[in-house]
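The values are calculated or read from the model by the stated rules, or taken from the named source; none is laboratory data. Since this is a predicted model, take the numbers as computed values, not measurements. Reconstructed Cβ throughout: ideal geometry from the backbone, glycine too, with neighbour counts over all protein chains shown.
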Amino acid sequence: MMAGPAAVIHSDRVVMPPKSHRIIVSVIGRDRVGIISNVSALLAAAEANILDISQSVMEEFFVMIMMVDIEHSRAPFEELKQRLNAKGEEMGLKIDAQHEDVFKFMHRI
Amino acid sequence: MSLSRFSPQEIVETIRMVQMENLDIRTITMGISLRDCAHPDLRVSAQKAYDKICRLAEHLVASGESIAAEYGVPVINKRISVTPIALVAESSAADSYVLMAEYLDRAAKEVGVNFLGGFSALVHKGMTRGDEALLASIPEALAVTERVCASVNVGTTRAGINMDAVAQMGRIILDTARRTADRNGLGCAKLVVFCNAVDDNPFMAGAFHGIGEPECVINVGVSGPGAVLRAVEKDGQTDFGTLATTIKRTAFKITRMGELVGRAASEKLGVPFGIVDLSLAPTPAQGDSVARIVEAMGLDRIGTHGSTAALALLNDAVKKGGAMASSYVGGLSGAFIPVSEDIGMIEAAGMGALTFDKLEAMTCVCSVGLDMVAIPGDTPAETIAAIIADEAAIGMINRKTTAVRVIPAPGKKPGDMVEFGGLLGRAPVMAVHTESSRAFIARGGRIPAPLQALNN
């Protein structure tokens, strides 16, 4: 059975893949008590859903990475990012949020 | 969906490249056709150009900033390239296009871009009245504007080299330096003389929107000498095959970032995506140096024997890695070796390890040419023209883009340091040959196209 007509790729227009609502929150710095609880509380307050957490020690730094779904978040991405940056400064850590596409593009084809 | 899609190592690698190794999107450049802005009255033409740029690029800077925030990757410059102005302004009766440059400068300021390229003419085989008017306007235009960049293409592999234009560019460069003497000849930092210029280069000062390009297009220039340096250092003493592979892998990742940003910008602005230019473009910042990569391959200083081979390997590996990473690669793509913008080049030139002649040899295998080189202020116009002729000959014979961006720094002698500030950096004045090239340049006419161009 033949499949449907092949997708037409318009050569003059590169189309972005459908946009996901997932962001990667990264925390880098010295390990200390309360990192996960502080960051989770901040995300929970915005109703951003944590999908996965991993943490490890890499090159003398503590690294925590969260994948977060912000589809139903009450705060838009920019605001969430600012809040996370501020929380990082408060705790003496580097906390950032980036759209997952940047990692997808760099490490997956 | 699990995080296992990305390992922590991968995520940390990306973050480290950006935060510690100066990986960035060097420029998002919007190419805008001004072909519909021609008019018998230059002022009307300039106004049309101003209006069109302000309309199409209104959201360029804001989009660039929002992309930077979203992906956590700095977008350093937002820029504009336009149709070579000689083509646009020629319909007018004006003899000087300085007025047009002033309108372009105002448009650049209005939309908030730091440079606008395309005060340009393509004269590799000869000049029209419009080309002559444009060339004559360059020194004043670069002195009275802040953000406008000029370029002139004097040769191609298929046409040969227009030596009349080369001779004239020698005089124009000197005049431009003189008119900006209070700023160490800064005007010359905004002027590039090309052989085999490309239509879709997003990097300044040589960007223009070529005649085969669409109405409006987004081109992206990525840069990451620091990330490549780190990868080469981490690898240690490997053989050349392994070294090339390491560079290719890093270039691939860097270029993917450019591809992502290019697509995102294209979508946000509703403008087609043109190309990613995967050039390693150094800045004066520590660790953001192409020279340091060459040195990390095992050379004491860039400029010593082996530098040309090292640069050839680097340039080729960057192209190979990048070409696999993007659907459309274009522009200049390779490793830039500007002197004033690279801490390793500045040091090597300052201590005499890197001479003008070795630099010229290295341009045979780098992505462009003699870039941001300060030379003595009393260098004769014929010598500058001869420097351009040499560089154009390299490009013509090797079917590659070459360029000359030299600054005859007024009142400066070899060994003096010249400050340009910001991304343009600072450069030690390099000695050039003092034996005259006058009679050679005075011949005039064209150097015929080389045989290898007649292959169809």
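Restricting attention to region B:17-30, does a residue exist that is more than 14 Å from chain A (Cβ to nearest Cβ), buried (at least 20 other Cβ atoms within 10 Å of the Cβ), among the aliphatic types (A, V, I, L, M) and within 20 Å of B:Met204 (Cβ to Cβ)?
Yes, some residue in region B:17-30 is more than 14 Å from chain A (Cβ to nearest Cβ), buried (at least 20 other Cβ atoms within 10 Å of the Cβ), among the aliphatic types (A, V, I, L, M) and within 20 Å of B:Met204 (Cβ to Cβ).
All but one of (1) farther than 25 Å from B:Leu313 by Cβ; (2) within 11 Å of chain A (Cβ to nearest Cβ) hold for B:Asn219, so report the exception by its number.
Result: B:Asn219 fails condition (2) only.
So, in region B:215-244, exactly how many residues are without any contact (Cβ under 8 Å) to a residue 60 or more places away in the chain and more than 26 Å from the chain's Cα centre (by Cα)?
Of the residues in that region, 7 qualify.
Looking at region A:14-40, I want the residues that are modelled with pLDDT under 85 and have a partner that is not in a loop (DSSP other than H, G, I, E, B) with Cβ atoms under 6 Å, at least 6 apart or on another chain. Which pairs are those?
Every condition considered, the pairs that remain are A:Val14/B:Arg263; A:Val14/B:Phe273; A:Met16/B:Arg263; A:Met16/B:Glu267; A:Asp31/A:Phe62.
Kindly provide the set of residues from region A:58-68 that are more than 8 Å from chain B (Cβ to nearest Cβ) and closer than 21 Å to B:Ser66 by Cα, ordered by number.
Once the filter is applied, which keeps residues that are more than 8 Å from chain B (Cβ to nearest Cβ) and closer than 21 Å to B:Ser66 by Cα, region A:58-68 yields only A:Val68.
Before we move on, is B:Thr14 within 14 Å of chain A (Cβ to nearest Cβ), among the β-branched types (Val, Ile, Thr), closer than 27 Å to B:Gly226 by Cβ and touching a Phe, Trp or Tyr at 6+ places or on another chain (Cβ under 8 Å)?
The answer is yes for B:Thr14.
Consider B:Glu233 against the criteria (1) crowded, with 22+ Cβ neighbours inside 10 Å; (2) more than 10 Å from chain A (Cβ to nearest Cβ); (3) of a type outside the set (A, V, I, L, M): it satisfies all of them except one. Which criterion is unmet?
(1)
In the list B:Cys37, B:Cys54, which residue meets the criterion of being touching a Ser or Thr at 6+ places or on another chain (Cβ under 6 Å) and in contact (Cβ under 8 Å) with a residue 24 or more places away in the chain?
B:Cys37
Working only within region B:73-111, note down all residues that are buried (at least 21 other Cβ atoms within 10 Å of the Cβ) and within 14 Å of chain A (Cβ to nearest Cβ).
B:Val73, B:Val75
Quick check on my filter: what residues within region B:249-271 are under 17 Å from B:Ser333 (Cα atoms), surrounded by 20 or more Cβ atoms within 10 Å (Cβ to Cβ) and more than 10 Å from chain A (Cβ to nearest Cβ)?
Result: B:Thr250, B:Ala251.
Would you confirm whether any residue within region B:376-399 is touching a helix residue (DSSP H, G or I) at 6+ places or on another chain (Cβ under 9 Å), at pLDDT below 95 and not aliphatic (A, V, I, L, M)?
Yes; the residues of region B:376-399 include at least one that is touching a helix residue (DSSP H, G or I) at 6+ places or on another chain (Cβ under 9 Å), at pLDDT below 95 and not aliphatic (A, V, I, L, M).
Quick one: is B:Val222 closer than 25 Å to B:Gly422 by Cβ, modelled with pLDDT of 95 or more and among the hydrophobic types (A, V, I, L, M, F, W, C)?
Judged against the criteria, B:Val222 is not a match.
Quick check on my filter: what residues within region A:76-99 are in a helix (DSSP H, G or I), more than 8 Å from chain B (Cβ to nearest Cβ) and within 19 Å of A:Asn49 (Cβ to Cβ)?
Passing the criteria: A:Glu79, A:Leu80, A:Arg83, A:Leu84, A:Lys87.
Among residues belonging to region A:17-53 that are closer than 21 Å to B:Val12 by Cα, of a type in the set (Val, Ile, Thr) and away from chain B (no Cβ under 11 Å), point out the one that is surrounded by the most Cβ atoms within 10 Å (Cβ to Cβ).
A:Val39
When only residues in region B:313-332 that are within 14 Å of chain A (Cβ to nearest Cβ) and closer than 18 Å to B:Leu243 by Cβ count, which is surrounded by the most Cβ atoms within 10 Å (Cβ to Cβ)?
Looking at the filtered set, the residue picked out is B:Gly322.
Mind checking which residues of region B:272-311 are assigned to a loop (DSSP other than H, G, I, E, B) and at the interface with chain A (Cβ under 10 Å from one of its Cβ atoms)?
Passing the criteria: only B:Pro272.
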